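Beneath this line is the structure, given in structure tokens, with notes to follow.
The values are calculated or read from the model by the stated rules, or taken from the named source; none is laboratory data. A quick note: this is a predicted structure, and the numbers were derived from the prediction, not measured. All Cβ positions, even for glycine, are placed from backbone atoms using ideal geometry, and neighbour counts span all protein chains on display. Surface areas here come from the heavy atoms of the whole protein model, side chains and all, with no ligands, DNA or RNA. Shrake-Rupley method; radii C 1.70, N 1.55, O 1.52, S 1.80 Å.
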Amino acid sequence: MSEEFGPDFISVTDEDGNEFELEHVDTIEYKGQIYMAFFPADTGETTDEQEEEETGLIILKVIEENGEEQLSTLDSEEELEEVYDQFMEDLFQDEDNTP
């Protein structure tokens, strides 16, 4: 992902109708599926509930529904762990290859 023009942000709505912004970190293909990693965007506003939540890496997979690409949560903890490990491996591999 090129940082030439700055970070990419998307707005998503969860199953409860809450809208929030995410900053796109990376995209990988793993076992034939596309996954995207995000960090919660710092909007400068925090609620008590947001302060209690963990603000780590959010991984979503790209699915096709009715001919449209959509983001979806992962199906299992096992899938999440495998994909997280792959993102970390790719991240550290990129850092090792920087001059």
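Residue by residue through the range 81-87, which ³J(HN,Hα) values in whole Hz follow from phi under the Karplus form 6.51 cos²θ - 1.76 cosθ + 1.60 (θ = phi - 60°), with glycine and proline marked x?
Karplus-based 3J(HN,Hα) across the range 81-87 equals 5, 4, 5, 4, 4, 5, 4 Hz.
Please compute the modelled spin-label separation between I10 and I63, points set 7 Å along Cα→Cβ, answer in nm with one decimal.
Taking the simple label geometry, I63 and I10 are separated by 1.4 nm.
Accessible surface of S11 in the full protein assembly, 1.4 angstrom probe, to the nearest 10 Å²?
Approximately 70 Å² of S11 is accessible to the 1.4 Å probe.
In terms of solvent-accessible area of protein heavy atoms at a 1.4 angstrom probe, what is the ranking of V83, V62, highest value first? Show your work: numbers first, answer last.
Numbers: V83 0, V62 30 Å².
Ranking V83, V62 by accessible area, largest first, yields V62, V83.
What distance in nm lies between label points placed 7 Å from Cα along the C-beta direction at K31 and Y84?
Between K31 and Y84, the simple spin-label model gives 1.6 nm.
Per residue of the range 29-39, in order, report the coupling 6.51 cos²θ - 1.76 cosθ + 1.60 (Karplus, θ = phi - 60°) as ³J(HN,Hα) in whole Hz, putting x for Gly and Pro.
10, 9, 6, x, 10, 8, 10, 10, 10, 9, 10
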